[in-house]
Amino acid sequence: MYFQLSKLILWPRLDAEPRVVDFDLGVVNVISGASKTGKSAVIPIIDYCLGSEKCTVPVGVIRENCTWFGIVINTIEGQKLLARRAPGDQQSTGDMYFLEGPNVDVPRRIEGKNHNLDSVKASLNRLAGLTNLGFDPSSEDGFKSRPSFRDLMAFTFQPQNIVANPDVMFFKADTNEHREKLKTIFPYVLNAVTAEVLQARFELDQVNRTLRRKESELRALVAANTAWQAEAQAWIRQAIELGVLDASRVLPAEWSDVLDLLREIAKSKGSNARPSLRGLDTTLGRLDDLRTQETAQAAALAEHRQRLNELRRLRESADAFGSSIHIQRDRLALAKWLKELTVATPSESLVAVGRGGRDELLLLCDNLEEIEVKLRAQPTLSDTLDKETHRVRVATEEALNALNETRAEIANLERRSEAAQVAADHFDRTERFLGRVEQALVLYDRADQSSTLRDEIAKLRARADELQRTISEAGVQRKLRNATARVESAVNRFVPQLDAEWKDAPVQLAIDDLTIKVVRGTRSDFLWEIGSGANWLAYHIATTLALQEFFLSETNHCVPYLLVYDQPSQVYFPKRAAIRDDDQNIDPQFRDEEDIQAVRKVFALLGQQAVAHKGRLQIIILDHAGEDVWGSLPGVRLIEEWRGPYALVPREWYQPQG
């Protein structure tokens, strides 16, 4: 997304002109300055104006002397001024001042808000062309919610605590909330998951819901039609009994033929119906068959019940036998105790028994062992009885259900047969019967939507299959692998141009861990496993540039073509020695010429990329290093130098003249 910073503005509390920092488009903009001049406040100010939840602008001089912070950005729609009220004692405020046009004028004072934070965020989401759909339609997890412009800032800012951090590669990825959301949106920004895929996910979720409902309706309809078909046979028999159908008529077997016959019956006239003895004989014959069936079923049921009674008595006998065996064992246990007291040498035994007594005692112990064997067999017998009892009980219930159904049909036919023999009301009964048949057919036709439902279900299943192919996880992973391969290729091109220790070691993008891995031989080391701040800086610069190269290669990508680095040269500065109170903005010095060349490589690569993308990529660097380090590099320009009396906040805002 073409989104470049044109101005950064601070409005003072006193009556004075606003502080405006102008930036050049499509190049590397460098603000060089000493410590405590406001360089590290630039990223928080930009982030705050772009809708961050909290204001991270440093407290002190900047917050105490500014009423509003603002930026002017250039977009494909023209310029936009986004200003946000300073939070004061609060963490943040939602008051925004928003202007847009071909060229916006920076007002001298902002009297009040004209927008709120939510409306500005919505405008930024629209400008980025982000989808309104979440990543998982069935999840309530906030990490799976729709992507927002705020999420994209992870690929834009590299503040001082991130730019050479071995544990964190992306802006705000050091908090769990942003880290999990970034993992979710990474396939989206790499175009592996597109808006089309998200739309297909939501549509598939809706199609599956509708499909489940239609299938449930079809099952209910099929069940109702099955019951109606069973009733239709009784309608035909009654039609024969009333004389509406000839008794010699062969009853159809196919349901479509049965339905046609019922429609024929419904069109008949009651005056033409003549009951016949043969028709009554049909009913009576059916009654005889049913009574014979009833007798056989009743006999089978009685047999099952008798079997159940026998099993119950057998179980009771087995339990009683087991109880008696336990009693016998308890009584004979004394014999075992006496045997133990009677040891092999009678003279040493505590209990004296004669020869005949010893034999009887041994006999009692043998009986006790037999009883123990019987007791061990008892559980097996009980288990066998339980299984047989369950089987017979199931068979009994089935026989009882069959008998009840037969008796119900007998009662129904008996009522009809008795009614058929009453000739006086034959005509009225016939007319009522034909009316009921006709009404039943109307209801059936109204309810019989099974063919329509089946067509709808078939279409829904076909659509679900089509959507499943669109959101194919295998396809998403293939696109993700291709995209990461492109990014890794760019990283591997950039790293040798920087001060990295292993220039030829391939680099892999580890999306699940939001970092990179360096492959050396058979080892793959995460960034946090690699030493040296120079390495960490090199991989941060190379990775962020490689991602921007990918974004720029895609048409109208949602991520802004903007990078902001704060203090990339910090890893090459030694610890500052103690300095005087009146010299707080002294610059730290580089160790040697080698450090200067390492920093120059960083600026050179950034300038090279800005030039290569022909004005579409803007890079802003906030650093101690001056022009003596990076001067005369193509695509690199000094915007302001904050040293001595010059800083982000003019000194006259907080120090009276004189």
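Where a number appears in this text, it was derived from the coordinates with a stated rule and is not lab data. It should be emphasised that the depicted structure is a prediction, and the values quoted were computed from it without experimental measurement. Cβ placement follows ideal geometry from the backbone for every residue including glycine, while neighbour counts extend to all protein chains displayed.
Here are the numbers for the structure shown:
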| item | result |
| --- | --- |
| Neighbour-count ranking [beta-carbon atoms within 10 angstrom, fewest first] of W528, W536, W502 | W528, W502, W536 |
| 3J(HN,Hα) from dihedral phi, the range 170-182, Karplus parametrisation 6.51/-1.76/1.60, rounded to Hz, x for glycine, proline | 10, 4, 6, 6, 8, 10, 4, 4, 5, 5, 5, 5, 5 |
| Per-residue Cβ neighbour rank within 10 angstrom, fewest leading, V507, V495 | V507, V495 |
| Integer Hz, Karplus 6.51/-1.76/1.60 couplings in order for the range 387-404, x for Gly and Pro | 5, 5, 5, 5, 4, 5, 5, 4, 4, 4, 5, 5, 5, 5, 5, 4, 5, 5 |
| Under-5 Å amide H pairs with F3, H placed in peptide plane, nonlocal only | Y561 |
| Sequence of I620, I46, I410 once ranked by neighbouring C-beta atoms within 10 Å, starting from the fewest | I410, I46, I620 |
